[in-house]
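The values are calculated or read from the model by the stated rules, or taken from the named source; none is laboratory data. Being a predicted model, the structure only gives us computed values, none of them experimental. We place every Cβ from the backbone using ideal geometry, glycine too, and count neighbours over all the protein chains shown. Side chains are part of the model used for accessible areas, which takes the heavy atoms of the whole protein and leaves out ligands, DNA and RNA. Shrake-Rupley method; radii C 1.70, N 1.55, O 1.52, S 1.80 Å.
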Amino acid sequence: MCEKLNASLDFLRDKYGCPAGMIVAGSEGFELALSNGKKVVLLPWRVERRFVELKKIVDGKTLEDVSTFRFAHFTAGGDPVKLAAKELDLAVFLANSPVRQIFAVRNGDSACNILASLENGMSASVECGTRLPAGTEAMDRHEIIARRGVASDRVVDTQVPQSSIYTWTDSGLRTYTDVDTELFGLTNEQVWVVRAAFAVLMKPALAEEWNHAAAAVRKYATAIVASDADNKPVIF
Amino acid sequence: MKPVKIAMMGMTHGHTRKYYQTLLENQKLDWVASCAEDEEAKKVYEIYQTGVPCYLDPEKMLSEHPDIEAIVLASANDRHFEQMKFCAERGIHILSMKIPTFDMEEYDQMIEMVEKVGVVCQIELEMHYNPVVKRLQQEIASGKLGKLLSVQATNITLSPVWAFPWQGNPEASYGKRVPLGDGSGRFRGGALCDHPHIFDLIRWLTGSDFASVFTQVAPNLRKELEVEDMLMVVGKLQDGTAFLFDPSWSRLEERLKVPAPGWEIFPKRMEVNLTITGEKGMLMCDCFGPNVYHNGAPNDRYTVQYTYFDEWIGLIDEFVDCIRNRKQPKINLKWHRKTVACMNACYDSVAKGKAIAL
């Protein structure tokens, strides 16, 4: 996997003339190994196009006075606590504000629901589950509710993600959603890992910011487990 | 079967107009009269031209129509106790709006007076008569999903307060003025009071009751309101099912005095969606979708036009059946008590900043 990712990263590095770096597998996902020996935890969701656009909508005041982030993410397997913690990082990223408090309710390794409040007064809810059947694509939804406007990565009056292309052939239904021409051929998940590594190489200041955010994600995960166990909010 | 002579009272509730078609068309009913809370409510009622006479005094209505057997109490929450007493004392069957009262002592008095005279008292929780919910209940009962592990549900709407001002009034909606927390400028009585359905549905779907709840109120979207309009609830049922509810008024609206096309600013004015995780799989459900869409009059704004209207038909059918065949409605005062108690616990959780055990 890393070989394919690094070939794509090398392509971008060569084209845009940026410093050396290599994508490597880390304990919590992919990392970028820099030529100075340092490692940076990659946060691919922070460069995913839809979230970048949602952030522009918030930062550019297309939405005014955000009240609530309403996120959901369901997968086939995995750890719902880590999933919820990453979703919370996305809220932090979009809100430009750290987490103040988390209250979590879990059901084993299958479901994790959390409510969080941010330092700037905004509210966030995250619904996560891992019981989709094996092989099913992940299902997620991100909605931002403000005094002026609502933004979302899902179409109004739909429940599941839409695709760019639908084909019905003898092999059944196939769908395609390609998001990156330069990296055409990679899966979307791979695209965002390469783009995340490329973003750090192009903007070195991200290295510290992301390592700091990754540490916060680990802190959120610990708080989620503690809140559920004690049936109490964890205040940071 | 002899049609039930029925009347409506109050005419200030947001659901009032939803009864008109059913009451007029259902041959098992004879809608003989209405009684408005005040001149303003009477004026709005007359816009709909039902042809049914409207009074301002319930005694006068009854003296003109002494054969009234049942009354729909389409009024503000703080009027329900007095109106229920009025009906019970006269042996009149009652269809109450979704929150009989938030005062649990008053609630128990309601149970007592209804049971004493033996009248039917059905609570209006119309989701039970929605065809998608019917299918949902069948799917869950079939066991395909296995034991339910987590339920996430929305009951989000626009805010009805501009058309139905009592819903933004803490006393009229919650029954008294209780701050959300120490020093809070907001009071109980907003979006939560408007959205009991998901609290009720999860009890039906799982057969379990609430164990604990934690509630978080977010900044209001509507600065002018003195009640909450954005909140989220998480908790657990006694059988271990985890849940997360969103009962907010998170869809903005034009501030119309009378609901009409163009009411919504966000394209979809109302949503009840459920995401259910079971031991054997997952289910997602939109109780009011898909629909049809337009961007025409009056605002040329992309709008979801609903195609779901069955709820009041089934609800009234059950009410008539219970009256004529002396049955207890599914949603009766005793059943609904635990739902209302949980909603009160949500407010207590906001006030205390901690989970509340039930």
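Spin-label model, A:D230/B:N325: points 7 Å from Cα along the beta carbon direction are separated by 5.4 nm. Ordering B:Y19, B:H65, B:I92 by Cα displacement along the dipole of the stretch B:4-126 toward the positive end leaves B:Y19 in first place; charges were set at the Cβ atoms of Lys, Arg (+1) and Asp, Glu (-1). Legend: residue pairs A:K4/A:K55; B:K2/B:K85; B:K5/B:K43; B:K60/B:K85; B:K43/B:K268, Cα-Cα distance threshold 19 Å; pairs beyond threshold, A:K4/A:K55; B:K2/B:K85; B:K5/B:K43; B:K43/B:K268. Here the extension length gained between A:V179 and A:A33 equals 50.0 nm, from 0.36 nm per residue of separation less the Cα-Cα distance.
Seen against the Cα atoms of chain B and their longest principal axis, helix B:131-141 is set at about 50 degrees. Its convex hull of Cα atoms gives chain B a direction-averaged projected area, equal to a quarter of the hull surface, of 17.7 nm².
Measuring between alpha carbons in the structure, the pairs from B:K18/B:K42; B:K18/B:K338; B:K236/B:K354; B:K144/B:K327; A:K82/A:K219; A:K232/B:K147 lying more than 22 angstrom apart are B:K18/B:K338; B:K144/B:K327; A:K232/B:K147. When the helices of the protein assembly as shown are scored as -39500 (n - 2.57) per DSSP H run of n ≥ 4 and the total is divided over every residue, the value at 222 nm lands at -10000 deg cm²/dmol. Shape analysis of the stretch A:65-142 places it in the prolate category; the axes a ≥ b ≥ c from the Cα gyration tensor give an a/c of at least 1.5, with a/b above b/c. Think of a 1.4 Å ball rolled over the protein heavy atoms: chain B then has 39 Å² of accessible area per residue. Angle of helix B:311-324 to the longest C-alpha principal axis of chain B, folded into 0 to 90 degrees and rounded to 10: 60°. Specify the residue with the greatest mean-square fluctuation among B:A33, B:A76, B:A260, computed from a Gaussian network of chain B linking alpha-carbon atoms under 10 Å apart. In this elastic network of chain B, the residue with the biggest mean-square fluctuation among B:A33, B:A76, B:A260 is B:A260. The stretch B:282-358 and the stretch B:94-118 have Cα centres lying 19 Å from one another. Can you give the FRET efficiency for A:K15 and B:S142, using 1/(1 + (r/R0)^6), R0 = 51 Å, r = Cβ-Cβ distance, to the nearest 0.05? The calculated FRET efficiency here is 0.40. Note on B:E64 and B:Y308: with the Förster distance fixed at 45 Å, the Cβ-Cβ geometry gives a FRET efficiency of about 0.80.
Taking one quarter of the surface of the C-alpha convex hull of the stretch B:9-57 gives a mean projected area of 3.1 nm². Interface burial in the stretch B:122-164 reaches 30 Å² or more for B:L149, B:Q152, comparing the full protein assembly with the chain by itself; accessible area from heavy atoms with a 1.4 Å probe.
Computed extension length for A:Q162-A:R147: 2.7 nm, one decimal, from 0.36 nm per residue of separation with the Cα-Cα distance subtracted.
Leaving ligands and nucleic acids aside, the B/A contact buries around 3500 square angstrom of accessible area in total at a 1.4 Å probe radius.
Kirkwood's formula applied to the C-alpha pairs of the stretch B:93-229 gives a hydrodynamic radius of 17.4 angstrom. Of the trypsin sites (Lys or Arg not before Pro) found in the stretch B:204-248, those in coil by DSSP whose Cβ has at most 11 other Cβ atoms within 10 Å are B:K223. Which shape class applies to the stretch B:4-126: rounded if a/c is under 1.5, otherwise prolate when a/b exceeds b/c and oblate if not, where a ≥ b ≥ c are the square roots of the Cα gyration tensor eigenvalues? Judged from the Cα gyration tensor, the stretch B:4-126 comes out prolate (a/c at least 1.5, a/b above b/c). With all protein chains in place and a 1.4 Å probe, the accessible surface of the protein assembly as shown carries 52 percent carbon and sulfur. Computing FRET efficiency as 1/(1 + (r/R0)^6) for B:D239 and A:A138, where r is the C-beta to C-beta distance and R0 is 25 Å, gives about 0.35. Toward the positive end of the charge dipole of the protein assembly as shown, with +1 on the Cβ of Lys and Arg and -1 on the Cβ of Asp and Glu, the farthest Cα among B:V233, B:A163, A:G129 is that of A:G129.
Accessible area per residue for the stretch A:153-236, computed on protein heavy atoms with a 1.4 Å probe, is 59 Å². Of the GluC sites (Glu not before Pro) found in the stretch A:24-96, those in coil by DSSP whose Cβ has at most 16 other Cβ atoms within 10 Å are A:E28. Seen from B:L145, the other residues with C-beta closer than 11 Å to its C-beta sum to a net charge of +2, counting Lys and Arg as +1 and Asp and Glu as -1.
In a simple Cβ point-charge model (Lys, Arg +1; Asp, Glu -1; nothing else charged), the stretch B:4-126 has a dipole of about 440 debye relative to its Cα centre. Stretching the chain fully between B:D108 and B:E25 yields a gain of 26.4 nm (0.36 nm per residue, less the alpha carbon separation). Within chain A, the whole DSSP H helices whose Cα atoms reach 27 Å or more along their own axis and whose mean Kyte-Doolittle score is at least -0.5 are A:205-230.
Compute the Cα gyration tensor for the protein assembly as shown, then decide on rounded, prolate or oblate, letting a ≥ b ≥ c be the square roots of its eigenvalues: rounded whenever a/c is under 1.5, prolate when a/b is larger than b/c in the other cases, and oblate in all that remain. It is prolate, given that a/c is not under 1.5 and a/b is the larger ratio. Remark: relative contact order (chain A) = 26 percent; criterion is Cα-Cα distance under 8 angstrom and separation of 6 or more residues. Residues of the stretch A:119-147 whose accessible area (probe 1.4 Å, heavy atoms of protein chains only) drops by at least 30 Å² once all protein chains are present, relative to their chain alone: A:S123, A:E127, A:R131, A:I145, A:R147.
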